[in-house]
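The values are calculated or read from the model by the stated rules, or taken from the named source; none is laboratory data. Because the structure is predicted, anything quoted here is derived from the model rather than measured. So basically every Cβ, Gly included, is an ideal-geometry build from the backbone, and we count neighbours across all protein chains shown.
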Ligand code: PLP
């Protein structure tokens, strides 16, 4: 017998498992609203034009080689990524008190940041939102941190539980790490207002709580790179320290290239240099050095003014299509006279709508309408199109009446 014969079959990942089930369904009307990836009006994955151009430029460059990158990745990519998230005029960049390392997309950046904190930060507790992206608790637990939650979402209003959030962060042990979704909160689509962010910032700084931003959707929420980065920039502007995990999966459509960055903003250049030296000790035994291709694409786009502008237009078009899907779905439910208040569909932002549908309702919609989503009722607006909105609206109408 095999030495592994005692293993039990592990469950499918709750998010990726939705696609597995969808692929098995032979129905021609099936609809996958589980995937956290952009789709065109035709339901197809999208490679941005600007990415194709950058790749062509890389192919044409015969001087390019495929040697290993340094442990910290592509240095130009790191500099440009810090500038993109913090703003070109950021005091932290000007004062050289930031270290940025290329990591394996958002997930890898969170993991490296988590392990660094577990090793070198005095507080080992990280607070994550309730609910949050399903991978967060696993990433930080395996990184060696203790995971606790803070209240975030209010099912009654399908909006922010701001009072609960302030109470829970106010009661956290001084110095605790707090994971903040920079924009387009996953799975709820509910973000604090700028005024609320300012209150969160004041509270966190007064208690010495350490902000760890997860920025997986910069530009994808509002359509503006600067608007979506605003909360992070507020925390950097006060001179305090923070961590930022950036992903280029959604905003540049580079999902499978696994390109992202971890930045740690410090109080001085001297500290930032020592932080970077320790980050290298975290990365080297984990995967040695990051891949070269995706980071090169990003660097080509970010360094060239014309390509950069072209990117912002393509990004805005993706964000706008998602916002338009929100309006269309909301209208379709109104037209059908579907009972209940569905205004959260247009109030929530980013890739997902937290519909408020319960697991039994989700299961009904999958069985009767071949519509696939996570059991918490989260639907990907990016997976919808004008053609499929009526089918979804019919299903929602049927399940609540
Ligand atoms: N953080 C959040 C909130 C996400 O939704 C995602 C992707 O779904 C990620 C991080 C990381 O994604 P990736 O590792 O593909 O960059």
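Scan region 59-69 and give yes if some residue there is closer than 24 Å to residue 135 by Cα, in contact (Cβ under 8 Å) with a residue 24 or more places away in the chain and either within 16 Å of the ligand (Cβ to nearest atom) or in contact with a strand residue (DSSP E or B) (Cβ under 8 Å, 6 or more places away or on another chain) (or both), otherwise no. Spell out how you get there, then give the answer.
Let us first name the residues in region 59-69 that are closer than 24 Å to residue 135 by Cα, namely none.
Scanning region 59-69 turns up no residue that is closer than 24 Å to residue 135 by Cα, in contact (Cβ under 8 Å) with a residue 24 or more places away in the chain and either within 16 Å of the ligand (Cβ to nearest atom) or in contact with a strand residue (DSSP E or B) (Cβ under 8 Å, 6 or more places away or on another chain) (or both).
Working only within region 167-181, note down all residues that are closer than 21 Å to residue 206 by Cβ and within 16 Å of the ligand (Cβ to nearest atom).
From region 167-181, those closer than 21 Å to residue 206 by Cβ are 167-180; that's our starting set.
Those that are closer than 21 Å to residue 206 by Cβ and within 16 Å of the ligand (Cβ to nearest atom): 177, 178, 179, 180.
Restricting to region 96-108, and then to whatever is under 19 Å from residue 75 (Cβ atoms) and within 16 Å of the ligand (Cβ to nearest atom), can you tell me which residue is surrounded by the most Cβ atoms within 10 Å (Cβ to Cβ)? Give the steps one after another, and end with the answer.
Within region 96-108, the first condition is being under 19 Å from residue 75 (Cβ atoms), and the residues that meet it are 96-105, 108.
Retained after the next criterion (residues that are within 16 Å of the ligand (Cβ to nearest atom)): 100-105, 108.
Numbers: 100: 29, 101: 28, 102: 31, 103: 29, 104: 21, 105: 23, 108: 24.
Looking at the filtered set, the residue picked out is 102.
Is there any pair with a first residue in region 21-38 that is on the phi < 0 side of the Ramachandran plot and a second that is away from the ligand (no atom under 16 Å from the Cβ) and assigned to a loop (DSSP other than H, G, I, E, B) whose Cβ atoms are under 6 Å apart and which are 6 or more apart or on different chains, and what are they?
Pairs that qualify, where the first residue is on the phi < 0 side of the Ramachandran plot and the partner is away from the ligand (no atom under 16 Å from the Cβ) and assigned to a loop (DSSP other than H, G, I, E, B), are 25/370; 27/370; 29/370; 30/370; 31/388.
Looking at residue 111, is it touching a residue at least 24 places away in the same chain (Cβ under 8 Å), within 16 Å of the ligand (Cβ to nearest atom) and in a helix (DSSP H, G or I)?
The answer is yes for residue 111.
Sort out which residues of region 218-245 are in contact with a strand residue (DSSP E or B) (Cβ under 6 Å, 6 or more places away or on another chain) and touching a residue at least 40 places away in the same chain (Cβ under 8 Å), and write them in order of number. Break it down into steps so the answer makes sense when it comes.
Going through region 218-245, the residues in contact with a strand residue (DSSP E or B) (Cβ under 6 Å, 6 or more places away or on another chain) turn out to be 232, 235-236, 241-245.
Hits for region 218-245 are 232, 236, 243, 244, 245.
So which residues in region 253-279 are within 16 Å of the ligand (Cβ to nearest atom) and surrounded by fewer than 24 Cβ atoms within 10 Å (Cβ to Cβ)? Spell out the reasoning first.
At the first step, the residues of region 253-279 found to be within 16 Å of the ligand (Cβ to nearest atom) are 253-263.
Within region 253-279, 253, 254, 255, 256, 257, 258 meet the criteria.
Give the residues of region 134-159 that are within 16 Å of the ligand (Cβ to nearest atom) and either surrounded by fewer than 17 Cβ atoms within 10 Å (Cβ to Cβ) or under 18 Å from residue 16 (Cβ atoms) (or both), sorted by residue number.
Across region 134-159, the qualifying residues are 134, 135, 136, 137, 138, 139, 141, 142, 149.
Go through region 122-133 and count every residue that is farther than 12 Å from residue 178 by Cα and crowded, with 17+ Cβ neighbours inside 10 Å.
Total satisfying the criteria: 3.
Are there any pairs with C-beta distances below 6 angstrom linking a residue in region 246-270 that is in a helix (DSSP H, G or I) to a residue that is more than 16 Å from the ligand (Cβ to nearest atom) and modelled with pLDDT of 95 or more, with the two at least 6 apart or on different chains, and if so which?
Listed pairs, sorted by first residue: 269/96; 269/97.
Determine if region 36-47 includes at least one residue that is outside any loop (DSSP other than H, G, I, E, B), within 20 Å of residue 393 (Cα to Cα) and within 16 Å of the ligand (Cβ to nearest atom). Break it down stepwise before answering.
Here is the first cut: in region 36-47, the ones outside any loop (DSSP other than H, G, I, E, B) are none.
No, every residue in region 36-47 fails to be outside any loop (DSSP other than H, G, I, E, B), within 20 Å of residue 393 (Cα to Cα) and within 16 Å of the ligand (Cβ to nearest atom).
List every residue pair whose Cβ atoms lie under 8 Å apart, where the two residues are 6 or more positions apart in sequence or sit on different chains, the first residue falls within region 93-108 and is closer than 17 Å to residue 237 by Cβ, and the second residue, located anywhere, is within 16 Å of the ligand (Cβ to nearest atom).
From region 93-108, the pairs are 98/263.
Scan region 192-213 and give yes if some residue there is surrounded by 21 or more Cβ atoms within 10 Å (Cβ to Cβ), part of a loop (DSSP other than H, G, I, E, B) and under 21 Å from the mean Cα position of the chain (by Cα), otherwise no.
Looking through region 192-213, none of the residues is surrounded by 21 or more Cβ atoms within 10 Å (Cβ to Cβ), part of a loop (DSSP other than H, G, I, E, B) and under 21 Å from the mean Cα position of the chain (by Cα).
So which residues in region 120-179 are under 18 Å from the mean Cα position of the chain (by Cα), without any contact (Cβ under 8 Å) to a residue 24 or more places away in the chain and in a helix (DSSP H, G or I)?
If the condition is that a residue be under 18 Å from the mean Cα position of the chain (by Cα), without any contact (Cβ under 8 Å) to a residue 24 or more places away in the chain and in a helix (DSSP H, G or I), then 137, 138 are the ones that fit.
With respect to residue 93, determine if the residue is crowded, with 19+ Cβ neighbours inside 10 Å, over 21 Å from the mean Cα position of the chain (by Cα) and not in a strand (DSSP E or B).
Values: crowded, with 19+ Cβ neighbours inside 10 Å: yes; over 21 Å from the mean Cα position of the chain (by Cα): yes; not in a strand (DSSP E or B): yes.
So residue 93 passes the test.
Within the bounds of region 51-62, is there any residue that is in a loop (DSSP other than H, G, I, E, B) and either at pLDDT 95 or above or on the phi < 0 side of the Ramachandran plot (or both)? Steps first, please.
Filtering region 51-62 down to residues in a loop (DSSP other than H, G, I, E, B) leaves 61-62.
Retained after the next criterion (residues that are either at pLDDT 95 or above or on the phi < 0 side of the Ramachandran plot (or both)): 61-62.
Yes.
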